[in-house]
Structure formats: structure tokens, C-alpha cells
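A.B. asks: I am attaching a structure below and will ask some questions about it afterwards.
The values are calculated or read from the model by the stated rules, or taken from the named source; none is laboratory data. Being a predicted model, the structure only gives us computed values, none of them experimental. All Cβ positions, even for glycine, are placed from backbone atoms using ideal geometry, and neighbour counts span all protein chains on display. Surface accessibility is based on the protein's heavy atoms, side chains included, excluding ligands, DNA and RNA. Shrake-Rupley method; radii C 1.70, N 1.55, O 1.52, S 1.80 Å.
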Amino acid sequence: MFDLPSPFLQGIRIDESEAMSYLVLARKWRPAKFEDIVGQGFVTKTLQNAITSGRVAHAFLFTGARGVGKTSMARILAKSLNCENGPTVSPCNECENCKEITAGNCIDVLEIDGASNRGIDEVRELRENIKYFPSKSRNKIYIIDEVHMLTKEAFNALLKTLEEPPAHAVFIFATTEPHKIPITILSRCQRFDFKKISLKDICAHLKFILGKEGVKLSDASILQVAKAANGSMRDSQSILDQIISFGGANISDEDVNNILGVIDRSIIYSLVKAVLQKDAGMAFQVINNIYNYGYDINQFCFNILETFRDIIAFKVSKDPKELLDLSDGELSEIEGFAKDIDVNELLLIFNILYKAEEDITKSLTPKMILEMSVMKMINRFPVMPLAALMKKISLLEKRLPRNSGNVIDMANYPPKTVKSGGEKRPVSIAPPAPRAGASTKDFLEFLKDKSILIYSHVESLKAFDVKGDEIIITPTNSYTTEYFESSEIQSDLKQFAHDFFRRNFQILIKKVEKKGENSLYSNNGRKSNASKSSQRMERVLKGEGMDPVFSQVKELFEGEIIDFKYL
Ligand SMILES: [Zn+2]
């Protein structure tokens, strides 16, 4: 089928300390101007406006995920404020102040790691120092990274400074967890929420860097790197560093997949194909291979889910290329999958998978859950388009008795065999051989075959007996009573019984004995139509005496009855 590459399992873990040793590209390509920061246009513009208008706050809070440009933005802001040619929205990056800030050794711009300087003593020291004027710049700037790590006491000490900051002081706090910062601090900061960087932006930037570095990487691989970075520009560059140090200037897609622990697209697509083509054997084989190679079943399930999402998006979108983060090759695969399948069927598959993914995370036997879920997807029933379903229901409804609410006209009984309007009724063909000793049970089998609708009503009776030339019907509720009182139904039933037993029958309907129900049929069933309808309505709304067809429709759509009317 296919060969699985031996994976360097489970991708790359990057934590801050580890990242530091990789940051070759990230450092080399660290933004030096506001314009270089990718994907944070709103923050950039607002800060630039503040600088231009001279309304720079004393405290800023930069929040957002890791690697989205918070620290870079803080440094550029510091340069803008302290550049010898400033304050300016375009720091020169040439003067001593700018150069020192870039290198991180400017005496007036202090970068503090909140995680390792989190106590009250450090903040007290900061408060002491901040009183003194900057030694050679306009402002004394404190950049505190991971500020949420400060202790409660440290925050309290900091608050006092923030309440009355010296004119030359500017604080720039950065955090990935703003909810851990006391509201008293938050309220004194101008807050900027940094967004995760879009795949498109990351890809474009990686392409730019690769071009400058003279490294060749396919679009599909660039996309994989960007996806693995999960919205973090810095992570994307760290991953790129690793890939370059592994593969040099020419890196194959397979290398990238191996380094990232990404499950090869072709494997994911073979399972999708097996599901769409209802090929259980192939599906089990793919899952087995995935399992044997030690790939994460949960990740695999997520990849499949993602692919079905893409197929659905492809089907419904006018411009799928814009909507889907896929390479051209992948896009044409998705197009192939989308061609022959209905959206409703895809939704059915998606729901099964979604549930599977949830179950797999909790399960000790994830492989088995995936296998069984795949079987469910393969054994899916073809989904009937809603319009076709409604048409079917309306055909069924036409077969239902229409005299509900009316008193049965016994004068016209038995009804004529040929109906006006040409509606097709079940008509028996040649009389079969007489059935000696045929029982009621045998007849029910025959009836089931002839009219599933009448049969389903018979099933809901309390009793159904054939004795001599009588069919004795004992309903449990007034709905079935009315159904069997219908002259059309009686005529059909008699015809079927005649065909089966080869003799004529009379139908006897026993009265419903249930209290309340019975009252409807007192006065020889001559209650006014209006009051009868309203009582029926009440019962139907309560769910009593429901027609089996309605019950099925109700169950199918998980609906509830809020109203009904006679046609
Ligand atoms: Zn400068």
C-alpha cells in the first residue's frame, strides 16, 4: 500500500530555555522597525499614533501567545522613545541608544524576566532605581517579561510606582497570561492584545527568510512548518533552524515530515479514501500501520477530522483555495474527495469522527475506538436530501386516514373499490391458493408484506384476532380506533384478509375502555367535530396515541410536536 517513513516521533518540543539555543534565525531576522513586525497591524498603528501625538502612556501591557512579537514590539517602542533622533516612529537603529537596545545592554532600558525576579525585594530595588533620572536617554524604560509571575507582594509594591510614576518612567509589561495580573495593575496599563499570526503571514515570512538564506523548501513543507508553529513566528523560525541544521540547503518533504513527526498526507488521505469508498479492509490496514509505527492515534484522528472539514469547506465554498490552508497538490486531492459525496453524508461522518476524537483522548484503547468509529463511518446510511425526505413523508401522509375528526359515515360503507382522483391503492392480484389452517400470525406476516403502514398500526393494537369471518380489533387508544374505523383502511384490510384466507370478513372494533378516551365515543360517536379535534390535539401534544409514522418522524428529527393541523 505505502511505506511509512520511520518517524522521529512526536515533533519538536520547544521551551524557552531550549529555544534560546536555536534562535539563530529568529535573532537574525528579529524585527528592527515597526513595519517589520508581522501580523500585529493594529498594535503597531496605535503605538505609532501615540508616539506621533506625544501621548505615550507610562505603562503598557502586551498580551498574547508566545512568539507573536511582544518583546520585539517592546524593544522597538523603547528605541522609538529613546532614539537619539527621536522620539520617532522610525528609530534609526544606528545611534548608540538604538544599538544598545538591540543588543540588550542599554543602561536606561532594563529587561527583566518576571519569572526569575518575581519577589518583593526585586520590585523594591526597581522602585529605588526608578527615582533616578536616566543616565543618557529621555526615558527610563522597564520591560518586564512574563509579568504574571510576580508575587502578590511584588505586584503591590509595583502598584505604588504605577500610581505615581516619575515623568521619565515607562513600563512595558509582557505576558501570555493576562488573567493572572491583578485588576489594580491592569487598570493602570494601556493594554494591547497581540494576535496569533496567521498561517498565511507565517508562510510568507518564512519564504522571505528562506529566500535570503538560500535554502530550498517546498510550499507544502513551509506550510507544515507554519502549522507546527501554531501562530508563533518565533517557533516557526526555531523549527526552520532545526530543519536547516538537519538537511542543509536542500530539504525533502519527507525530512520535514520526519523532523516534525507529521503524519504523511498520503497516509491520512488513504484512510479518508477508504471511508469514502466504504473499504473497511483498507481502513483497518491503514490504522494498523499508523499504530505499529507509533504515531499518535489522537493526532491521526485529528488529521482525519481536519481533512473532512476541508472537504466540506471545499464543497460549500466559492473560493476554496482562499479558504483552505493547503498546497496545490493537497487541494486537488480534496477536490477529488469532494466530487462524489453529499454534504449531509460528510456531516454524518464528521459527527462520528468528532465524537471519536473526544473518546480517544479519554480512552486506554484509542486504536479500537478509532477502528469502530471508522466502521460506523463506513456503514453509514446514505443520507437522503431533506427535500426527498419531505416528499416521502408527504406521500406517507396521503396514505393516512383523512376522516380524522369526522364521524364515520356508515351509510357509505363498504366504500367503492375504485377511488376517485386515481390515487394508487394496494390492490390484490390473483387470489392465492386457500390457506388451510392459516393462523393470525401468518396473516400478519402477509400483511407486513402488503402494507407496512397498516401492519405498523396493527402492531400498536392491544389485540388483533381473526375468528370465523370476523377480524376483531382491540385498540389501546382513540387514534388507532379512528384509523381502523376509516372505510379505506377497512376496505384494504378486508381485501388483504380475503386474499390470504380466501373468505369474506367483517371488521369488529372493540371500544377503548380507558377512562377519558372512551368519552369521545359516547353519544354514539356523535360529539361535535370541533370539540373532538381539540381533545385530540390535546392528546397528541401530550404524546398520547401517536401515529407510529409520526413517532418515527419525530424520532428521526429529534423533534417535538408543537402544533398540528388536519389537511
Ligand atoms: Zn536611534
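A.B. asks: Which of (1) touching a helix residue (DSSP H, G or I) at 6+ places or on another chain (Cβ under 6 Å); (2) farther than 14 Å from MET377 by Cβ; (3) open to solvent by less than 30 Å² (accessible area, probe 1.4 Å) is the odd one out, the single condition TYR291 does not satisfy?
C.D. replies: (3)
A.B. asks: If only one of ARG138, ARG127, ARG191 is in a strand (DSSP E or B), open to solvent by 50 Å² or more (accessible area, probe 1.4 Å) and in contact with a helix residue (DSSP H, G or I) (Cβ under 8 Å, 6 or more places away or on another chain), which one is it?
C.D. replies: Exactly one residue qualifies, and that residue is ARG191.
A.B. asks: Identify, by number, the condition in (1) crowded, with 18+ Cβ neighbours inside 10 Å; (2) over 22 Å from GLU146 (Cβ atoms); (3) over 48 Å from the mean Cα position of the chain (by Cα) that GLU96 doesn't meet.
C.D. replies: (1)
A.B. asks: Would you check which residues across the stretch 161-188 are open to solvent by 50 Å² or more (accessible area, probe 1.4 Å) and either touching a His at 6+ places or on another chain (Cβ under 6 Å) or without any contact (Cβ under 8 Å) to a residue 40 or more places away in the chain (or both) and list them?
C.D. replies: Across the stretch 161-188, the qualifying residues are GLU163, GLU164, ALA167, GLU177, HIS179, LYS180, ILE183, THR184, SER187.
A.B. asks: Going by the conditions given, is ILE244 open to solvent by 20 Å² or more (accessible area, probe 1.4 Å) and out of contact with any strand residue (DSSP E or B) (no Cβ under 7 Å at 6 or more places or on another chain)?
C.D. replies: yes
A.B. asks: Would you mind finding the one in ILE101, ILE107 that is within 9 Å of the ligand (Cβ to nearest atom), under 20 Å from ASN129 (Cβ atoms), among the hydrophobic types (A, V, I, L, M, F, W, C) and not in a strand (DSSP E or B)?
C.D. replies: ILE101
A.B. asks: Name the residue, out of ILE51, ILE107, that is open to solvent by 30 Å² or more (accessible area, probe 1.4 Å) and either modelled with pLDDT of 90 or more or assigned by TED's automatic domain parsing to the domain that holds ILE172 (or both).
C.D. replies: Only one candidate passes the filter, namely ILE107.
A.B. asks: For GLY54, all conditions in the list (1) more than 16 Å from the ligand (Cβ to nearest atom); (2) without any contact (Cβ under 8 Å) to a residue 24 or more places away in the chain hold save one; what is the number of the exception?
C.D. replies: All conditions pass for GLY54, except number (2).
A.B. asks: Can you tell me which residue in the stretch 70-88 is farthest from the ligand (Cβ to nearest atom), limited to those that are over 16 Å from PHE192 (Cα atoms) and crowded, with 19+ Cβ neighbours inside 10 Å?
C.D. replies: Looking at residues that are over 16 Å from PHE192 (Cα atoms) and crowded, with 19+ Cβ neighbours inside 10 Å, I get LEU81.
A.B. asks: Here are the criteria: (1) without any contact (Cβ under 8 Å) to a residue 40 or more places away in the chain; (2) within 16 Å of the ligand (Cβ to nearest atom); (3) open to solvent by less than 40 Å² (accessible area, probe 1.4 Å); (4) in contact with a helix residue (DSSP H, G or I) (Cβ under 7 Å, 6 or more places away or on another chain). Tell me which single one THR44 does not satisfy.
C.D. replies: Just one mismatch for THR44, condition (2).
Every residue, every condition in (1) within 30 Å of ALA26 (Cα to Cα); (2) surrounded by fewer than 19 Cβ atoms within 10 Å (Cβ to Cβ), yes or no:
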position: ILE222; (1), (2): yes, no
position: ALA228; (1), (2): yes, no
position: LEU240; (1), (2): yes, no
position: SER252; (1), (2): yes, yes
position: LYS278; (1), (2): no, yes
position: MET282; (1), (2): no, yes
